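One structure is given here, and the rest of the page talks about it.
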Amino acid sequence: MSYLRTAILLAGLTALFMGVGYLIGGPNGALIAFLFAAAMNFFAYWNADRMVLSMHGAQEVDENSAPELVHIVAGLANRAELPVPRVYLMDNPQPNAFATGRNPAHAAVAVTTGLLHMLSRDELAGVIAHELAHIRNRDTLLMTITATIAGAISMLAQFGMFFGGGHRDSSGNTGLGVIGTLAMVILAPLAAMLVQMAISRTREYAADNMGAQISGNPHGLASALAKIDAAAHQIENIPAEHNPATAHLFIINPLSGARMDNLFSTHPATENRIAALEAFAAEMGSARAAPRPAWSRSQAGPWGRRSPWG
């Protein structure tokens, strides 16, 4: 069902994009807009992973510099029947993580130092499994495409205002007046954002479910989500604040505010995700409910207060 919903939302985003192009330049405008977005997607397909890793100051690590982390990623990738992705570390006190890459053969998993300091091994495995689920589901490419199309819609709406609000029909009348132009400039990007966020939230639930299957421990992922969510609202993620368009990539929204599971949130409410994991754990025959620990600065992760490589 989640795949069908994602397909419908992506089709709606594409239709909105074509519609804005048509309002600006008629059939030719729609065609030009489509070709422009295709070029943007082609560039993003080959370069998005390097761009986002650079934005967040991620540095690649290996068995010598981060043996524990690399071994966890490799072991879970084997369980998920995936090529072992490249592993990156972000020097960032906020616990968080994301995956990127155009396909499983060219994927990367990036985690923050804060994540390693805070989580237990089982919790860290749950987070890594969640990110591997995104890779297996091709969500990393999907979210790049939706972000690119949403960005193109915003650009087209701005172009429409700059060029007078729309194409002229055979009688010389414009398709949009002043009010129509303003409505397009405001409503088209807003609609694109809502669809983009809806796709992102849909994929988070799917990745939670598959991640729990990969790790075999829904409780670990649920506990990790509770800790990360609590910490993310207390510790600022400066690179994410400077690059808010990448927020949807993270396992928990790295930006301040927007905890409610509403149309304007990049992620589902963490409480809803934990509840879904608890239900999945019950289906697996688990005897215990997933813990919901409250985070505080006094708590240390499995590595103590130091990272395993420093």
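Where a number appears in this text, it was derived from the coordinates with a stated rule and is not lab data. Given the structure is predicted, the values throughout are model-derived calculations rather than measurements. Cβ sites come from the backbone with ideal geometry, for glycine too, and all protein chains shown count toward neighbours.
Going by the alpha-carbon gyration tensor, a ≥ b ≥ c the square roots of its eigenvalues, is segment 188-237 rounded (a/c under 1.5) or, if a/c is not under 1.5, prolate (a/b greater than b/c) versus oblate? Judged from the Cα gyration tensor, segment 188-237 comes out oblate (a/c at least 1.5, b/c at or above a/b). Checking the a/c ratio against 1.5 first, then a/b against b/c, what shape does the Cα gyration tensor give for segment 19-103? Taking the square roots of the gyration eigenvalues as a ≥ b ≥ c, segment 19-103 is prolate. Each peptide in 88-95, 100-107, 214-221, 129-136 was scored by the mean count of other Cβ atoms within 10 Å over its residues; highest first, the order is 129-136, 214-221, 88-95, 100-107.
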